[in-house]
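The structure appears below as structure tokens.
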Amino acid sequence: MKHTLLALTLTASSAFAQQPAPPTVTPAVQVDPRFAAWLGCWRLDDDLAGTGARMCITPEKGGVRLQTVVGTQRGIDEVVIPDNVAHAIIDSDCKGTERAEWSKDGARLFRATEVACGKEAPRTINGVAFMAPGPSWLSVQYVTGTAANPAVRVQRYRRAANQQLADGTKAPQPPAELLARVASGTKWDVADVIEASSKVPAEALQASLAELHQPFDVNKKTLVALDEGGVHEAVIDRGLQALAVAERAHGQRGRSQPQKVQQAHGAVQGQNRKYRCAIGNSLAGSQVSSWPSARTS
């Protein structure tokens, strides 16, 4: 009887030992709802054929991962964590820190980077990224450094037809209803302009407003609010007021326009051309330029 029980025990133990281990399940990364509309792959606005580099955005713990993908090759890879904490830049050639934070309404992401690459002089990059009607994804940066003239760089992206990542998998996609809502309109108000003016230089804010193509109802009340909010006079005079005048001029539908209105409209159009000239000059925006965006831990 003892031999029989021992045999049964050994048989059961052997059978249990031969059972395959349950597969390891990797928990899905929770998507920050503020990043939801950003997910997927984007092409530069002037890459109509969609054959150039793409910016693919995927969820990452605490933020998102931005990957530059050319064909099936992955280029620069960076993680953005919007916790308003300075993160060290992880790169063999570049050293520095980056800090990112959301706007109060969660519609704009502000980034501040201090970086030095190789033997180049250190650079400071202050920027803002946001969604715009289309839908479009915009990145506006203001770059300064001791060895280079200050410059504004604007990249406008649109959703790419190719949503494949470098590893062959499909990039996570935002909900269709969210994209439709973003495509119909994403507007800034006076409070948004005031907040952004405290986060990015006036040049970057002015470029952002020019790229929005959004009319502003500028009156005495809003002018006082902007001034008291510390918004730079250049943003008010050459940005918001020019956009407001241009919109009113456009609404006249062919009526004769006063010379002042025509000049304001021309200033806005020239402003747009000035900022747009930077779009598409480098693959997938600043990620492959001489001013790299930070890759953070």
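The values are calculated or read from the model by the stated rules, or taken from the named source; none is laboratory data. Keep in mind that this is a model prediction, so the values were computed, not measured. We place every Cβ from the backbone using ideal geometry, glycine too, and count neighbours over all the protein chains shown.
Observations, loosely collected:
- Residue within the range 192-207 that is over 18 Å from the mean Cα position of the chain (by Cα), modelled with pLDDT under 90 and in a helix (DSSP H, G or I) present: no
- Within the range 184-230, the set of residues being among the polar types (S, T, N, Q) and touching a Pro at 6+ places or on another chain (Cβ under 8 Å) comprises S184, T186.
- When residues of the range 168-188 are limited to those that are without any contact (Cβ under 8 Å) to a residue 12 or more places away in the chain and more than 19 Å from the chain's Cα centre (by Cα), the one farthest from R74 (Cα to Cα): E177
- Check on V154, at pLDDT 90 or above, crowded, with 19+ Cβ neighbours inside 10 Å, within 15 Å of the chain's Cα centre (by Cα) and not acidic (D, E): yes
- Scanning the range 198-208 for residues that are closer than 13 Å to Q141 by Cα and out of contact with any strand residue (DSSP E or B) (no Cβ under 7 Å at 6 or more places or on another chain) yields a count of 3.
- Among the residues of the range 56-89, none is identified as in a loop (DSSP other than H, G, I, E, B), buried (at least 19 other Cβ atoms within 10 Å of the Cβ) and charged (D, E, K, R).
- Residues being in contact with a strand residue (DSSP E or B) (Cβ under 8 Å, 6 or more places away or on another chain), in a loop (DSSP other than H, G, I, E, B) and within 30 Å of Q206 (Cα to Cα) - total across the range 138-180: 2
- Residue check for G71: at pLDDT below 95 and within 16 Å of A161 (Cβ to Cβ): yes
- Consider the range 209-228 and keep the residues that are among the charged types (D, E, K, R) and assigned to a helix (DSSP H, G or I). The one that is nearest to L138 (Cα to Cα) is E211.
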